[in-house]
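Report on one structure; see the data block that follows.
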């Protein structure tokens with residue numbers, strides 16, 4: 001009479017019959033390393049996105065919202081770096097996925113992971129911005145991806161809306177009035193009699209300026225405020241004096 | 001080669017894992033150590049019959065064997081194997097439920113009798129009614145609440161172990177236990193079963 005198998009023997013029998021062998025350790029290690037790498041890479045990409053967001057915010061004139069005659073929401077969409085905001089959310093999401101799938105990643109709370117990912121991206125992003133990385137990445141993307149609208153291009157679009165009171169271009173002549181050439185090569189006579197000129201704005205031939213004002217006809221514009229092309233100039237300004 | 005039971009008893013789980021990776025026979029030590037605990041756990045969180053639960057248990061150990069190199073020495077082996085048991089049982093139960101939805105859960109009577117006091121609740125009913133009532137309430141609870149109540153109050157796992165078994169942060173474990181307790185009381189009330197806090 002044969003001795004009945006106990007359960008542990010049945011288990012060994014099943015393992016041997018099915019030919020089950022332990023998966024090699026390197027497979028699990030590799031998987032874990034890949035998840036950690038995904039976390040690291042996407043925090044890094046998040047920092048690139050964040051640095052471009054900083055760049056875009058500094059380049060955007062958010063105070064224009066109070067001058068815009070049409071829907072503020074439409075202008076906000078033009079001003080906000082929507083693409084990069086979406087990218088940074090996506091990158092943080094993927095980094096979250098990565099760390100959650102590491103061996104002990106489940107032990108960290110969602111709040112902890114999200115806040116450390118955001119903090120990491122922000123710190124690296126600020127460093128990246130100050131080393132000029134954001135601008136360089138922007139330039140590379142603008143030169144190589146046809147559909148990509150750079151911060152600079154979006155800025156040009158925004159300041160090429162004379163009907164809405166925003167005009168910009170390079171100064172061609174300076175006198176009682178100034179003449180500028182906009183980004184499509186059109187020349188405009190600018191009445192600067194009552195214009196508030198921000199100190200950062202240089203009214204010299206070949207300098208680029210931004211103008212807030214009113215369109216009179218297809219080539220005449222009354223300036224209410226003049227700003228330098230880069231930045232807003234500072235708050236204290238001067239009324240137009242004899243240029 | 002059969003491993004003498006004294007050799008199994010002398011070694012802790014981690015040592016047995018290392019030994020098993022070299023000699024499969026040592027894996028039976030781990031099987032013997034966890035067989036009854038896991039079988040009881042499978043029966044508690046599902047409504048499998050004993051024979052079905054034994055099949056699931058075998059699957060659990062086969063999966064554990066296949067993934068033995070993934071066992072992280074920073075965890076307790078019991079947490080790791082409970083996790084596999086939990087996931088395998090839930091997955092098998094979900095498959096089975098699709099063609100046996102109305103089946104009553106047939107868990108051990110002690111569980112139903114002891115759960116209210118573990119939850120600091122009491123019911124003025126005789127043993128038989130209490131067992132029936134708790135059975136009814138437990139059956140109505142969502143799986144995530146039922147599982148965590150069983151781990152905490154019947155398997156007597158601490159928060160760290162539950163965190164490792166269910167793969168969730170300790171804070172979430174605490175929150176879910178509280179929610180599960182409330183869900184238990186509310187479900188009981190909705191079904192006209194009144195438990196009072198001790």
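The values are calculated or read from the model by the stated rules, or taken from the named source; none is laboratory data. What you see is a predicted model, and the numbers here were worked out from it, not measured in a lab. All Cβ positions, even for glycine, are placed from backbone atoms using ideal geometry, and neighbour counts span all protein chains on display.
Observations on the structure shown:
- Filter pass, residue A:116 being within 14 Å of chain B (Cβ to nearest Cβ), part of a helix (DSSP H, G or I), at negative phi and at pLDDT below 95: yes
- Every test in (1) within 14 Å of chain B (Cβ to nearest Cβ); (2) at pLDDT 95 or above; (3) assigned to a helix (DSSP H, G or I) is passed by residue A:41 save one, and that test is (1).
- Each residue in region B:159-192 was checked for being part of a loop (DSSP other than H, G, I, E, B) and either touching a residue at least 60 places away in the same chain (Cβ under 8 Å) or within 14 Å of chain A (Cβ to nearest Cβ) (or both), and 3 pass.
- Positions within region A:49-61 being touching a helix residue (DSSP H, G or I) at 6+ places or on another chain (Cβ under 6 Å) and part of a helix (DSSP H, G or I), in sequence order: A:49, A:50, A:51, A:52, A:53, A:54, A:55, A:56, A:59
- The criterion of being within 29 Å of the chain's Cα centre (by Cα) and not in a loop (DSSP other than H, G, I, E, B) does not hold for residue A:230.
- Enumeration of residues in region A:142-165 that are surrounded by 15 or more Cβ atoms within 10 Å (Cβ to Cβ) and more than 19 Å from residue A:62 (Cα to Cα): A:142
- Subset tally (residues that are farther than 16 Å from residue B:87 by Cα and crowded, with 22+ Cβ neighbours inside 10 Å) for region B:29-67: 3
- Scanning region B:39-75 for residues that are outside any helix (DSSP H, G or I) and either in contact with a strand residue (DSSP E or B) (Cβ under 9 Å, 6 or more places away or on another chain) or more than 13 Å from every other protein chain (Cβ to nearest Cβ) (or both) yields a count of 4.
For every residue, the table says whether it meets (1) in a helix (DSSP H, G or I); (2) away from every other protein chain (no Cβ under 11 Å); (3) over 28 Å from residue B:73 (Cβ atoms).
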position	(1), (2), (3)
A:13	yes, no, yes
A:23	no, no, no
A:28	yes, no, no
A:37	yes, yes, no
A:45	yes, yes, yes
